[in-house]
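Engineer: This is the structure I have questions about; it appears just below.
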Amino acid sequence: MSRAASQFQKAGLAEGDIVAIQLSNQAQHFISSLALARFGAGQIAFAGTDPPRLREEIVRRLKIVAFIAN
């Protein structure tokens, strides 16, 4: 988890950033979630069934800075 947190921070994510997560593998999702929490990034989970228009609206409203997906 700390390795993932370090990789996210090297990619430019920082405390207070909001990140969307859409990973089909539950273990990867869990590790990503804990890694983001470790350095204070907020997060929201997107379902694979969310319509693109809904995602766009959520991204705009929450000012999401990154999207972690597979």
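The values are calculated or read from the model by the stated rules, or taken from the named source; none is laboratory data. Quick caveat: nothing in here was measured; it's all calculated off a predicted structure. Here the Cβ is made from the backbone with ideal geometry for all residues, glycine too, and neighbour counts use every protein chain on show. Ligands, DNA and RNA are stripped out before the accessible areas are found, and what is left, the full protein with its side chains, is counted by its heavy atoms. Shrake-Rupley method; radii C 1.70, N 1.55, O 1.52, S 1.80 Å.
Engineer: Determine whether Leu34 is assigned to a loop (DSSP other than H, G, I, E, B) and within 11 Å of the chain's Cα centre (by Cα). Spell out the reasoning first.
Structural biologist: Details: assigned to a loop (DSSP other than H, G, I, E, B): no; within 11 Å of the chain's Cα centre (by Cα): yes.
Here the answer is no, as Leu34 does not meet what is asked.
Engineer: Cβ contacts < 9 Å: first residue farther than 15 Å from Ile68 by Cβ, restricted to the stretch 1-16; second residue basic (Lys, Arg), any location; separation 6+ or different chain. Result?
Structural biologist: Short answer, once both residue conditions are applied: Ser2/Arg38.
Engineer: Against the definition (touching an Asp or Glu at 6+ places or on another chain (Cβ under 9 Å) and either of a type in the set (S, T, N, Q) or part of a helix (DSSP H, G or I) (or both)), how does Leu54 come out, yes or no? Spell out the reasoning first.
Structural biologist: Values: touching an Asp or Glu at 6+ places or on another chain (Cβ under 9 Å): no; either of a type in the set (S, T, N, Q) or part of a helix (DSSP H, G or I) (or both): yes.
No.
Engineer: Hey, another quick one. Filter the stretch 1-27 for residues that are in a loop (DSSP other than H, G, I, E, B), touching a Gly at 6+ places or on another chain (Cβ under 9 Å) and open to solvent by less than 60 Å² (accessible area, probe 1.4 Å) and give the result.
Structural biologist: Taking the stretch 1-27 as the starting set, the residues that turn out to be in a loop (DSSP other than H, G, I, E, B) are 1, 11-17, 23-25.
If we keep only those that are touching a Gly at 6+ places or on another chain (Cβ under 9 Å) as well, we get 14-17, 24.
Matches in the stretch 1-27: Ala14, Gly16, Asp17.
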